[in-house]
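Below you'll find the structure, written out as structure tokens, and then a few comments.
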Amino acid sequence: WDSLGKAIDEIHNRNASLLSFEELYRNAYNLVLHKHGDLLYEGVSDKMSSQLLEMVKKLSEVADSSLLEEVSRSWSEHQITVKMVCDILMYMDR
């Protein structure tokens with residue numbers, strides 16, 4: 001799980017260019033295959049929750065005049081992150 005957790009952090013921080021999505025997919029597959037799907041699910045859930053809480057904290061500090069633009073930008077970035085994480089975890093959906 002450690003490598004997947006670090007990879008999710010890198011995706012969230014927009015440093016995904018050096019990641020091997022094939023290797024990450026294989027790691028997720030192996031966790032599920034070896035009956036550690038619950039560890040994977042909880043880990044991803046915790047990572048995504050903490051990232052969203054971090055986003056909310058940053059947004060709470062934004063000036064009212066630019067809040068809507070920052071919410072829109074943050075939401076767009078979050079959607080990209082979720083899509084990339086979903087690509088890694090496709091096997092969990094089966």
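The values are calculated or read from the model by the stated rules, or taken from the named source; none is laboratory data. Since we're looking at a predicted model, the values are computed, not measured. Heads up, the Cβs are rebuilt from the backbone with ideal geometry, glycines too, and the neighbour counts pull from every protein chain shown. For the accessible areas, the whole protein counts, side chains as well, though only heavy atoms, and no ligand, DNA or RNA atoms are used. Shrake-Rupley method; radii C 1.70, N 1.55, O 1.52, S 1.80 Å.
Of all residues in the range 2-15, those satisfying the criterion of being assigned to a helix (DSSP H, G or I) and either of a type outside the set (A, V, I, L, M, F, W, C) or exposed (fewer than 14 other Cβ atoms within 10 Å of the Cβ) (or both) are ASP2, SER3, GLY5, LYS6, ASP9, GLU10, HIS12. Scan the range 4-17 for residues that are over 17 Å from ILE80 (Cβ atoms) and free of Cβ contacts under 8 Å to residues at least 60 places away in the same chain and the total you get is 2. Using the structure shown, decide if LEU24 is open to solvent by less than 80 Å² (accessible area, probe 1.4 Å), within 16 Å of LYS83 (Cα to Cα) and of a type outside the set (Ser, Thr, Tyr). Yes; evaluated as a whole, the condition is true for this residue. Of all residues being of a type in the set (Lys, Arg) and under 19 Å from SER74 (Cα atoms) in the range 1-51, which is modelled with the lowest pLDDT? Just the residue, please. Looking at residues that are of a type in the set (Lys, Arg) and under 19 Å from SER74 (Cα atoms), I get ARG14. When the range 29-39 is filtered for residues that are within 12 Å of MET90 (Cα to Cα) and not hydroxyl-bearing (Ser, Thr, Tyr), only VAL32 remains.
Here's the yes/no breakdown for (1) assigned to a helix (DSSP H, G or I); (2) among the hydrophobic types (A, V, I, L, M, F, W, C); (3) in contact with a Gly (Cβ under 9 Å, 6 or more places away or on another chain); (4) surrounded by 12 or more Cβ atoms within 10 Å (Cβ to Cβ):
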position: SER17; (1), (2), (3), (4): yes, no, no, no
position: LEU31; (1), (2), (3), (4): yes, yes, yes, yes
position: TYR41; (1), (2), (3), (4): yes, no, no, yes
position: SER50; (1), (2), (3), (4): yes, no, no, yes
position: LYS57; (1), (2), (3), (4): yes, no, no, no
position: GLU69; (1), (2), (3), (4): yes, no, no, no
position: GLU77; (1), (2), (3), (4): yes, no, no, yes
position: MET84; (1), (2), (3), (4): yes, yes, no, yes
